[in-house]
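Have a look at the structure below, then the notes.
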Amino acid sequence: MSRTLVVKIGTSSLTQAASGQLALATIASLVEVLAHLQQTGDRVVLVSSGAVGVGCGRLRLSERPRQLARKQAIAAVGQGRLMRVYDDLCSHLNQPIAQVLLARRDLMQRSSYVNAYNTFQELFALGVLPIVNENDTVAVEELQLKFGDNDTLSALVASLVEADWLFLLTDVDRLYSADPHLFPDAQPIAHVSPTELANLQVKAGRSSSAWGTGGMATKLSAARIATSAGTRVVITQGNQPQNILRILAGEPLGTQFEPQPRPETARKRWIAHSLVATGKLLLDAGAVQAIQQGGKSLLAAGIAAVEGEFAATEAVLLCDRQGQAIARGLVNYSSHEIRQIQGQRSERIPEILGYVGAETVVHRDNLVLADAPMASSLALDADQG
């Protein structure tokens, strides 16, 4: 039975630590593994970092740029070079490849999301290996329109293509309770259940490795996104791509995160994982219970407060009075309109707003409940917002 696999490789695995040059032996081994999987019936997507690093090397720069425009320009230089390396290596294995550059807004708009899904399906049907990176030259940091890191990008791609596996290849062999370089008593973590993932925290270490600030944090965040979309996630050593085959064969390598049951519809996966929440609705206890336990839509009467500014049809977090996210949904009214109708019965909406609108503020078909792992991901959205 064929599987859909997403493999993400980070810059630390793609490049040599001493020189910053591409680690060609690692890349060649990775390409060989992915081509083998693709040509034996699996559907494979590679999410590759490295464009900025390769661009810096190409331009003989001693350090990575901090200014966004300069970083985007250097990424444009590096992306072409990186794809040429992949294409040269894949050509020797008769494996066609495709470059897919995604920006966050591509997954936020429903029509673009569906188009991206259809494009991946056609590439799979053609036997092509898609190689994905963020479209750095057009991405902007404002309004959270950047993915922020390729761990997050790979998790969202895994959700988009309904992947069975997501492999996060990094510079450590697995997840530990702390940076093993700094904490000799750090314990290896081989298996993480959905319940354990919701509360899992690790101590960060040096910024030059996967244990740096945000390094493992982004991988755990990616694991929460992907597992709640029904994908099994693995963290394993990037300089040993053959581990992918060994793990698929059943060997207990790396750290494996169990998947949650996949959300019932592609639309709900899109709402749950691809949209950026632009505001929050604080709900009274009755509305929380009706949504969580009764599967009901959100009515204006159950809204206690509105935070943020947003338009109708945008995504918001639905929270209890303490601010804990319980769901994410698409609103039928703007923040200005909801402030006018909050706490009111639905039949009064036309009188208050002056036109006949929807009876619900968020319809249950446009609402996704937060299970434990997803709640952690939603909380990150709330903090960033």
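The values are calculated or read from the model by the stated rules, or taken from the named source; none is laboratory data. These numbers were taken from a predicted model, which means no experiment stands behind them. In this analysis, Cβ positions are derived from the backbone assuming ideal geometry, glycine residues included, and neighbour counts consider all displayed protein chains.
Structural remarks
- Any hit, region 96-112, residues being under 30 Å from E32 (Cβ atoms), among the basic types (K, R) and modelled with pLDDT of 85 or more: no
- The one condition in (1) outside any strand (DSSP E or B); (2) touching a residue at least 24 places away in the same chain (Cβ under 8 Å) that A305 fails to fulfil: (1)
- Unique match (being in the same structural domain as P188 (by TED's automatic domain parsing), buried (at least 21 other Cβ atoms within 10 Å of the Cβ) and outside any loop (DSSP other than H, G, I, E, B)) among I291, I244: I244
- Selection of region 217-263 for residues being of a type in the set (G, A, S), in contact (Cβ under 8 Å) with a residue 40 or more places away in the chain and under 20 Å from A198 (Cβ atoms) yields S221, A222, A223, A226, S228, A229, G230.
- Scanning region 110-127 for residues that are on the phi < 0 side of the Ramachandran plot and small (G, A, S) yields S111, S112, A116, A125.
- Taking every residue in region 191-204 that is more than 21 Å from R262 (Cβ to Cβ) and in the same structural domain as S228 (by TED's automatic domain parsing) and pairing it with any residue that is assigned to a strand (DSSP E or B) and at pLDDT below 85, at least 6 positions away or on another chain, the pairs with Cβ-Cβ distances below 8 Å are V202/A178; K203/A178.
- Those helices (runs of 4 or more DSSP H) lying entirely in region 8-89 with at least 2 residues surrounded by fewer than 21 Cβ atoms within 10 Å (Cβ to Cβ): 24-39, 51-58
To keep it simple, each residue is scored yes or no on (1) in contact with a strand residue (DSSP E or B) (Cβ under 9 Å, 6 or more places away or on another chain); (2) hydrophobic (A, V, I, L, M, F, W, C); (3) under 30 Å from D164 (Cβ atoms); (4) not assigned by TED's automatic domain parsing to the domain that holds A125.
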{"residue": "H36", "(1), (2), (3), (4)": "no, no, yes, no"}
{"residue": "G50", "(1), (2), (3), (4)": "yes, no, yes, no"}
{"residue": "G55", "(1), (2), (3), (4)": "no, no, no, no"}
{"residue": "L68", "(1), (2), (3), (4)": "no, yes, no, no"}
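- Here R81 clears all of (1) among the charged types (D, E, K, R); (2) touching a strand residue (DSSP E or B) at 6+ places or on another chain (Cβ under 9 Å); (3) within 24 Å of N243 (Cα to Cα) except the condition numbered (3).
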